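Enquirer: Please find one structure pasted underneath; my questions will follow.
The values are calculated or read from the model by the stated rules, or taken from the named source; none is laboratory data. Since this is a predicted model, take the numbers as computed values, not measurements. Don't worry about glycine lacking a Cβ; one is built from the backbone with ideal geometry, like all the others, and counts go over all protein chains shown. Protein only, heavy atoms only, side chains kept; ligands, DNA and RNA dropped before computing areas. Shrake-Rupley method; radii C 1.70, N 1.55, O 1.52, S 1.80 Å.
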Amino acid sequence: RYDSNVYFVPGGNLEDYVTTVSPQLRVLHKRQLVQGTIGGGLTAEAYAKNPGLNYVAANGAVNLNLDGAMSSLVRGLGLSISDLYSYTPQTPSFVAPNNDGGGELSDAFVQGIQARRANSHTNAAKVEGSYALSEDLSFTSTYIDQRRSFGSAVSVPTGVEQGGLIDTTFQTVTSGPALKISTVDTITVSHQYQKTKLSTG
């Protein structure tokens with residue numbers, strides 16, 4: 001691809017040609033008691049004019065559906081667990097969210113402007129429990145823990161100064177009933193609590 005400004009700063013000739021290679025592997029497991037997906041991969045980028053920006057990033061994802069196992073213990077009980085991890089020196093603020101289990105992180109982090117390259121670690125874990133009181137009425141509770149931390153910054157052109165980055169932690173709990181009123185319509189009432197922690201990286 002062609003990038004007109006690889007450092008995300010004004011002024012100068014900052015264009016470059018970038019080659020990206022991103023192999024990914026996904027393993028699916030489907031049984032009556034447990035269904036799951038485990039995947040991961042690498043992303044490598046090589047810059048023609050700025051080899052100091054070359055990098056290799058990593059990502060991983062685990063999704064487990066334990067509804068069958070839990071229901072065999074207590075009828076109507078369900079449980080699912082997922083975890084997504086990513087390491088990259090690229091600017092994850094501009095990464096599009098992907099909710100299909102392919103390893104991209106939640107859109108809770110895809111916001112604001114991060115006009116700086118820095119090594120970052122992002123992890124999003126989710127646990128969802130449910131209990132079906134009947135075919136039409138169920139109760140669901142979800143806990144989500146999302147964390148992003150920044151390490152060392154990637155070098156910028158001489159004379160350019162950039163401020164620090166902010167490590168972020170989101171913890172969210174959502175609970176409430178769901179009432180199925182037709183084959184296509186469901187009414188839900190939920191309460192959400194979120195705690196946010198910010199610190200300078």
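Enquirer: Which ones in region 171-201 are farther than 22 Å from Tyr131 by Cβ, loosely packed, with under 12 Cβ neighbours inside 10 Å and touching a Gly at 6+ places or on another chain (Cβ under 7 Å)?
Expert: Listed by number, the list holds a single entry, Thr200.
Enquirer: Please specify each residue of region 143-165 satisfying the condition of being more than 20 Å from His121 (Cβ to Cβ) and at pLDDT 90 or above.
Expert: Tyr143
Enquirer: Among the residues of region 2-31, which ones are surrounded by 10 or more Cβ atoms within 10 Å (Cβ to Cβ), in contact (Cβ under 8 Å) with a residue 12 or more places away in the chain and not in a strand (DSSP E or B)?
Expert: Val6, Tyr7, Phe8, Val9, Gly12, Leu14, Glu15, Ser22
Enquirer: Among the residues of region 108-142, how many are of a type in the set (Ser, Thr, Tyr), crowded, with 18+ Cβ neighbours inside 10 Å and modelled with pLDDT under 95?
Expert: Final tally of qualifying residues: 2.
Enquirer: Return the total of residues in region 49-66 being touching a strand residue (DSSP E or B) at 6+ places or on another chain (Cβ under 8 Å) and in a helix (DSSP H, G or I). Don't jump to the end; show me each part of the working.
Expert: Quick first cut of region 49-66, residues touching a strand residue (DSSP E or B) at 6+ places or on another chain (Cβ under 8 Å) only: 49-50, 53-66.
Now restrict to residues that are in a helix (DSSP H, G or I): 53.
The total comes to 1.
Enquirer: So Thr168 ticks every box in (1) within 18 Å of the chain's Cα centre (by Cα); (2) at pLDDT below 95; (3) open to solvent by 80 Å² or more (accessible area, probe 1.4 Å) but one. Which box is left unticked?
Expert: With (1) within 18 Å of the chain's Cα centre (by Cα); (2) at pLDDT below 95; (3) open to solvent by 80 Å² or more (accessible area, probe 1.4 Å) applied to Thr168, the lone miss is (3).
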